[in-house]
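Notes to accompany the following structure.
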Amino acid sequence: MHKRRNGNVKKNDNDNQGAMYGGSTRGGRGGYDPERGGRMSATETNQNILEQQNNDRISELSDQVARLKGLTIDIGNEVREQNSLLDDMGDGFNSTRDLLAGSLRRIGNMLEQGGSKHMCYMVSFIVFVMFFLYWVMSYKGQSGV
């Protein structure tokens with residue numbers, strides 16, 4: 001609204017005038033069109049308002065899509081990490097299974113070759129372990145809370 005000395009209006013003054021009369025000059029919600037020298041028709045004003053609302057909604061949708069894209073990427077990374085952990089666990093179970101199978105095979109071979117003598121040693125060992133565990137549990141139960 002400041003004028004230069006030669007009487008020309010500054011460029012920003014048109015924007016200020018548009019804001020004074022209900023909106024900005026181009027693509028905004030206002031009813032003032034300085035290029036045409038006056039007010040816009042009601043239809044043009046409504047179209048501008050609808051266009052601005054559509055632009056706002058498009059902006060909101062693009063923000064939501066960006067958030068969803070980020071979540072999808074995070075989920076994909078998490079799935080890859082979980083698959084890697086599951087593969088490692090599967091490998092660990094396979095190696096444990098192989099170890100147990102080998103141990104059972106050796107025990108079977110020992111029992112077949114050694115006869116009843118080895119079987120007595122093994123049963124005695126298992127009984128000793130059971131008594132030891134019973135003693136540890138009963139001692140721990142009496143010693144305190």
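Read-outs: derived from the displayed coordinates by stated rules, not from any lab. Since the structure is predicted, the reported quantities are computational estimates derived from the model, not experimental observations. Here the Cβ positions follow ideal geometry from the backbone for every residue, glycine too, while neighbour counts run over all protein chains shown.
Key figures
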read-out	value
Derived scalar couplings ³J(HN,Hα) [segment 54-61; Karplus, 6.51 cos²θ - 1.76 cosθ + 1.60; whole Hz; x for Gly, Pro]	4, 4, 4, 5, 4, 4, 4, 5
Karplus (6.51, -1.76, 1.60) ³J(HN,Hα), θ = phi - 60°, over segment 75-89, in Hz, Gly and Pro reported as x	5, x, 5, 5, 5, 4, 5, 5, 4, 4, 5, 5, 4, 5, 5
Neighbourhood net charge (12 Å Cβ-Cβ; Lys/Arg +1, Asp/Glu -1) for GLU81	-3
Under 5 Å, built H, 5+ apart or other chain: amide partners of MET40	TYR32, ASP33
